[in-house]
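The values are calculated or read from the model by the stated rules, or taken from the named source; none is laboratory data. On a predicted model such as this, the values are computed, not experimentally measured, just so you know. Here Cβ is always computed from backbone atoms with ideal geometry, including for glycine, and neighbour counts include all displayed protein chains.
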Ligand SMILES: [Zn+2]
């Protein structure tokens, strides 16, 4: 295995306000090792460029020989400078989800984005679980807060496949809290996108239904 990062990769761009293709344009690195412990590492400072807006940002990358996934690929710790600001993420949360989203849910999304972008993946997975519980508890009757996902399905707010999906995402969060599970970034991203869709739908569907109905001519 080598510590060679991809020359082209997907990363969040603050100017484009989304994930875009980035190129590694300058790099500086130093290798290290500890013979007694039989471990190696690499400290990198890279300059990377968004292929959308062409903005450049610095990042530090730390590779460690003990930190790899099930395919044997090293999992680097990456930090970007400047980091994405909380205010920016707050604005993004409302824009990405919907203007109709409640302040508390918007705040929860913003905190999850900060955790996700800072590679705090167990924390992000836990936050996504909290968003599911909070959103569904607001929708189902107040006396059924114990199992909001099952209750939302029983009451017909979500389908059986959606229930299964939300339960899987919920368990990913629970395992992060209770079983020292640190999920892969790609899995947390999948969960986040699905939950964004769910919240967007819950917050807008009534309004959109009315908009469509009000413009459709009635039957003769
Ligand atoms: Zn960009």
Tell me, yes or no, whether the range 56-68 has at least one residue that is within 16 Å of the ligand (Cβ to nearest atom) and touching a helix residue (DSSP H, G or I) at 6+ places or on another chain (Cβ under 9 Å).
no
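Yes/no matrix, rows are residues, columns are (1) within 17 Å of residue 60 (Cα to Cα); (2) more than 16 Å from the ligand (Cβ to nearest atom); (3) surrounded by 10 or more Cβ atoms within 10 Å (Cβ to Cβ); (4) at pLDDT 90 or above:
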{"residue": "7", "(1), (2), (3), (4)": "yes, yes, yes, yes"}
{"residue": "13", "(1), (2), (3), (4)": "yes, no, yes, no"}
{"residue": "16", "(1), (2), (3), (4)": "no, no, yes, no"}
{"residue": "19", "(1), (2), (3), (4)": "no, no, yes, no"}
{"residue": "24", "(1), (2), (3), (4)": "yes, no, yes, yes"}
{"residue": "28", "(1), (2), (3), (4)": "yes, yes, no, yes"}
{"residue": "39", "(1), (2), (3), (4)": "no, yes, yes, yes"}
Boolean, residue 75 is surrounded by 14 or more Cβ atoms within 10 Å (Cβ to Cβ), more than 26 Å from residue 181 (Cα to Cα) and away from the ligand (no atom under 15 Å from the Cβ):
no
Please go through (1) away from the ligand (no atom under 16 Å from the Cβ); (2) in contact with a strand residue (DSSP E or B) (Cβ under 8 Å, 6 or more places away or on another chain) for residue 35 and return the number of the only condition it doesn't satisfy.
(2)
Could you go through the range 89-108 and let me know if any residue there is within 16 Å of the ligand (Cβ to nearest atom) and modelled with pLDDT of 85 or more.
no
Examine the range 159-170 for a residue that is under 11 Å from the mean Cα position of the chain (by Cα) and within 28 Å of residue 11 (Cβ to Cβ), and state whether such a residue exists.
no
Give the range 194-220 a look and list any residue that's loosely packed, with under 10 Cβ neighbours inside 10 Å and in a helix (DSSP H, G or I), or say none.
212, 213, 214, 215
